[in-house]
């Protein structure tokens, strides 16, 4: 194993100077820093993180407790954003995944404290309300893609209402006048907020109720979500005759594409299609490419780490101030579907 003394000898500097570089001390002369980093790269030196944690008052560790984020393509960017920001700030992100069969956030919080985490991020797969155990109040905690109903902890969520408002305005600006909104399960928060944004855009544009229709494409029976996109789409096309369809998510849009193509309708010409998520490669694979609102997962992850670092820097605080959730703007990934 390469030691810090070997690095110092190779770089021609003192042991203490190498230690300062390893611990991100900004006062080291640039020329010495370059020599040390080159020696570290050449020798393959790996700092002893455990020893460094003992020497330092700060652990530089941020805990991330996840429900299903790390296994879900649509929201994995939350962790990627958090990881990138942690690296940029010289922090280590430790990710703990909840066991969905026996979820125990308090147990994972204890794991974070055992690793001397400076703060904890709790992330959810989709925008929802989550009540965290009281033990989370012992450390600065930030919730991402979810929020506490009593606002005990700061939260970072996508601005779903803004997303629906903006994309509806874009459809209207393109001249579409009869829009069908195929929304998700009406009980979920994102669906409620998107419906509000959709209706606001229609009202401001002066459309009456006869020029728009809202249908749900997800039926819930005994906690099982049943997709009925095909049936609903066929019904809407026959009885409402829309010139544009706004889909609750990209997977719904894929099914809508299949229906429209089976009816020989040209997307982007005979009818416009829009959606939410910008999920992985789906929008680009579809022909024509799907115009969809990107959920700002990466930015949300970065912002969560920023908040934890800010709180950890304030030694007087054990917890961040509880406020209204911070809503991150969604952006349109424009393609050729409308």
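Since every read-out is calculated from the coordinates, none of them should be taken as a lab result. Values in this document were obtained by computation on a predicted structure and should not be read as measured data. Cβ coordinates were reconstructed from backbone atoms using ideal geometry, including for glycine residues, and neighbour counts include every protein chain displayed.
From Cα coordinates alone, what are the radius of gyration and Dmax values for the stretch 4-47 in angstrom?
Both quantities, over Cα of the stretch 4-47: 8.9, 24 Å.
Evaluate E = 1/(1 + (r/R0)^6) for residue 258 and residue 87, where r is the Cβ-Cβ distance and R0 equals 45 Å; express this FRET efficiency to the nearest 0.05. Display every interim value, and only then the final one.
Working: r = 41 Å, r/R0 = 0.92.
So, using R0 = 45 Å, E works out to roughly 0.65.
So if R0 is 22 Å, what FRET efficiency would residue 99 and residue 310 give, r being the distance between their Cβ atoms, rounded to the nearest 0.05?
Result of the calculation: an efficiency of 0.10.
How would you rank 225, 157, 130, going from fewest to most other Cβ atoms within 10 Å of each one's own Cβ? All intermediate terms of the calculation are to be shown ahead of the outcome.
On the way: 225 11, 157 23, 130 17.
Exposure proxy ranking, most exposed first: 225, 130, 157.
At a Förster distance of 25 Å, what's the computed FRET efficiency of residue 116 paired with residue 15, Cβ-Cβ distance as r, to 0.05? Please list the in-between numbers first.
Values: r = 25 Å, r/R0 = 1.00.
Calculated value: 0.50.
Given the Cα-Cα distance of residue 285 and residue 226 and 0.36 nm per residue of separation, how much length would full extension add, in nm?
Working: separation 59, 0.36 × 59 = 21.24 nm, distance 2.49 nm.
Here the segment from residue 285 to residue 226 would lengthen by 18.7 nm.
Can you give me the distance in nm between label points at residue 106 and residue 38, each placed 7 Å from the Cα along the Cα-to-Cβ direction?
About 5.6 nm separates the two model spin labels.
What relative contact order, as a whole-number percentage, does the stretch 4-47 give when Cα pairs under 8 Å and 6 or more residues apart are counted? Let's see the in-between values first.
Numbers: 33 pairs, mean separation 20.3, N = 44.
Relative contact order here is 46 percent.
Under 10 Å, Cα contacts only: if you run a Gaussian network model on the chain, which one of 34, 238, 299 comes out with the highest mean-square fluctuation?
34
For the stretch 183-226, with equal point scatterers placed on the C-alpha atoms only and solvent neglected, what are the log10 I(q)/I(0) values from the Debye formula at q = 0.17, 0.20, 0.29 1/Å, to two decimals?
Calculated log10 I(q)/I(0) at the listed q: -0.54, -0.68, -1.02.
What list do you get for 302, 194, 161 if you sort them by fewest beta carbons within 10 Å? Show your work: numbers first, answer last.
Details: 302 22, 194 27, 161 19.
If I rank by nearby Cβ atoms, fewest first, I get 161, 302, 194.
Restricting the count to DSSP beta bridges whose residues both fall in the stretch 160-294, what percent are antiparallel, rounded to a multiple of 5? Intermediate results must be reported in sequence, preceding the final value.
Numbers: 4 of 21 bridges.
Rounded to the nearest five, the antiparallel share is 20 percent.
For all pairs of alpha-carbon atoms in the stretch 74-145, what percent lies in each bin of width 5 Å, listed from the first bin to the last filled one?
3, 14, 26, 27, 20, 8, 1
Could you give the distance between the Cα centres of the stretch 13-45 and the stretch 192-260, to the whole Å?
Measuring centre to centre over Cα atoms gives 58 Å.
What is the fewest-to-most order of 60, 84, 102 by other Cβ atoms lying within 10 Å of their Cβ? Each step should come with its number before you reach the end.
Values: 60 20, 84 16, 102 7.
With the sparsest Cβ surroundings first, the list reads 102, 84, 60.
Given the options 237, 263, 98, state which has the largest fluctuation in a GNM of the chain using a 10 Å cut-off (strictly under) for Cα springs.
Greatest mean-square fluctuation among the candidates belongs to 263.
Give me the orientation-averaged projected area of the Cα convex hull of the stretch 99-190, in nm², one decimal. Could you put the intermediate results ahead of the total?
Working: hull surface 32.4 nm².
One quarter of the hull surface, i.e. the mean projection, equals 8.1 nm².
Between 274, 103, 253, where does the largest GNM mean-square fluctuation fall for the chain, given springs only between Cα atoms within less than 10 Å?
Among 274, 103, 253, the largest GNM mean-square fluctuation belongs to 103.
What is the projected area of the convex hull of the Cα atoms of the stretch 160-294, averaged over all directions, in nm²? Present the calculation step by step, with values, prior to reporting the outcome.
Details: hull surface 31.0 nm².
Approximately 7.7 nm², given one-decimal rounding.
Show log10 I(q)/I(0) for the stretch 243-338 at q = 0.11, 0.13, 0.24 Å⁻¹, two decimals, from a solvent-free Debye sum over equal Cα scatterers.
-0.46, -0.55, -1.15
With label points built 7 Å along Cα→Cβ from the Cα atoms of residue 270 and residue 68, find their separation and express it in nm.
Calculated label separation equals 3.5 nm.
With label points built 7 Å along Cα→Cβ from the Cα atoms of residue 241 and residue 185, find their separation and express it in nm.
3.6
As a check on your grasp of the helix formula, calculate [θ] at 222 nm for the chain: sum -39500 (n - 2.57) over DSSP H runs of n ≥ 4, divide by the residue count, round to the nearest 500. Provide the component values of the computation, followed by the final result.
Values: 12 runs with 135 residues, N = 338.
Estimated from H runs of four or more residues: -12000 deg cm²/dmol.
Stokes-Einstein D for the chain at 4 °C, 1.567 mPa s, Kirkwood Rh over Cα pairs, in µm²/s? Intermediate results must be reported in sequence, preceding the final value.
Values: Rh = 22.6 Å.
D = 57 µm²/s.
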